[in-house]
Amino acid sequence: MSSLPVPREPLRVYLARHWLQAPADFSTVPVLANPAATAACRRYVDHDLNRTFTSSFLNSRPTPDDPYEVTRARELKQLLGPKASGQAFDSVLGLHNTTADMGTGLIAKSSHEVFAMHLCHHLQLQYPELSCQVFLYQQSGEESYNLDSVAKNGLALELGPQPQGVLRADIFSRMRTLVATVLDFIELFNQGTAFPAFEMEAYRPVGVVDFPRTDAGNLAGTVHPQLQDRDFQPLQPGAPIFQMFSGEDLLYEGESTVHPVFINEAAYYEKGIAFVQTEKFTFTVPAMAVLNPAPSPAS
């Protein structure tokens with residue numbers, strides 16, 4: 001297991017520190033992925049670490065001028081990978097929180113990640129009250145870029161809303177409970193439990209929308225109150241999405257219904273993203289091959 005600490009997301013930092021001080025009796029490795037940023041109380045030092053696990057960064061020749069996060073990504077590649085290799089960790093669980101109202105978001109690469117999809121389904125069955133929504137971030141032809149993609153199987157927990165630099169007891173407790181359930185699922189799998197096929201709903205990105213801006217590039221408005229805190233909810237053509245500082249509303253001009261996520265996410269201001277547009281779809285997840293449990297030692 002690996003966590004991706006960001007100082008403005010202290011929940012995962014404190015959880016990882018807790019497990020580092022009191023490790024459990026199962027085979028896991030809690031990791032503070034960006035200790036320099038944690039010490040500086042910043043999201044990152046030079047480059048967004050969670051966009052750095054691509055071959056262009058991981059396999060390039062090291063130089064003294066490399067951004068800190070590129071060097072750190074290569075170190076994590078050696079610890080948890082190498083990426084796309086038989087020696088990589090079986091599973092990496094990324095712990096995230098967000099300023100957006102994502103609730104209990106489950107983030108994976110694609111619907112082809114059978115282990116991750118069964119894990120998401122297990123969490124949905126265990127916690128129906130949390131409305132665990134599945135967001136599949138990888139678009140066609142795109143290389144995976146975040147830390148959990150280094151392992152053979154990866155999943156990220158994205159909990160919110162939580163302000164940057166704030167530790168909330170309720171979200172801390174929810175994250176710890178979810179991590180324990182993930183580990184229980186892995187143990188069930190290791191014991192040879194059968195997981196049958198099922199139908200799943202998920203969301204995949206179809207585009208991003210920036211804030212309205214002035215000719216100088218400054219914000220000219222902000223997310224409309226009718227859109228704020230409505231992550232994963234349908235957005236119909238003609239609905240308001242931005243409220244201009246001058247008072248008028250800007251409407252969604254798309255031709256079809258979308259489901260925005262990461263609405264008004266603080267970490268995305270620098271990326272020019274007010275929200276991510278997704279489409280909701282349904283697909284079949286095949287049964288997961290049963291793992292033959294290791295024989296018990298002779299008494």
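Brief remarks on what is shown
- Spin-label pair THR284/LYS271, simplified geometry with 7 Å Cα→Cβ offset, distance in nm: 3.4 nm
- Per-peptide average of other Cβ atoms within 10 Å, ordering 216-226, 140-150 highest first: 140-150, 216-226
- Take the Cα radius of gyration of region 10-195 and divide it by 2.2 N^0.38 Å, N being the number of residues; the result is 1.02.
- q = 0.27 Å⁻¹: log10 I(q)/I(0) that the Debye formula gives for region 210-271, counting C-alpha atoms only: -1.27
- The calculated 222 nm mean residue ellipticity attributable to helices in the chain amounts to -7000 deg cm²/dmol, summing -39500 (n - 2.57) over DSSP H runs of n ≥ 4 and dividing by all residues.
- Accessible surface of ASP65 - all protein chains present, 1.4 Å probe, nearest 10 Å²: 140 Å²
- Estimated FRET transfer efficiency when R0 is 22 angstrom, pair GLU143-SER60 (beta carbons, to 0.05): 0.95
- Per residue, the convex hull spanned by the Cα atoms of region 146-247 amounts to 202 cubic angstrom.
- Remark: the chain carries a charge dipole of roughly 840 debye about the Cα centre, counting +1 on each Lys and Arg Cβ and -1 on each Asp and Glu Cβ.
- Think of the chain as having a plus end and a minus end, set by charges on the Cβ of Lys, Arg, Asp and Glu; of ALA37, THR282, PRO237, ALA37 sits farthest toward the positive end of this dipole.
- Note on the chain: dipole from Cβ charges, positive end direction compared against ALA84, LEU155, ALA197; the farthest Cα belongs to ALA84.
- Additional length obtainable on full extension of the chain from ARG51 to GLN78, 0.36 nm per residue less Cα span: 8.0 nm
- Above-threshold pairs, the threshold being 26 Å between Cα atoms, out of LYS83/LYS280; LYS77/LYS109; LYS77/LYS280: LYS83/LYS280; LYS77/LYS280
- Label sites at LEU250 and GLN164, each approximated as a point 7 angstrom past Cα along Cα to Cβ, lie 2.1 nm apart.
- Centre-to-centre, using Cα atoms only, region 86-146 and region 218-246 are separated by 26 Å.
- When ARG176, ARG61 are compared by accessible surface with a 1.4 Å probe, the order from highest to lowest is ARG61, ARG176.
- Here the dipole of region 213-299 is about 360 debye; that uses its Cα centre as origin and unit charges on the Cβ of Lys and Arg (positive) and Asp and Glu (negative).
The values are calculated or read from the model by the stated rules, or taken from the named source; none is laboratory data. What you see is a predicted model, and the numbers here were worked out from it, not measured in a lab. Note that each Cβ is placed from the backbone with ideal geometry, even for glycine, and that neighbours are counted across all protein chains shown. These area figures cover heavy atoms from the full protein model, side chains too; ligands, DNA and RNA do not enter into them. Shrake-Rupley method; radii C 1.70, N 1.55, O 1.52, S 1.80 Å.
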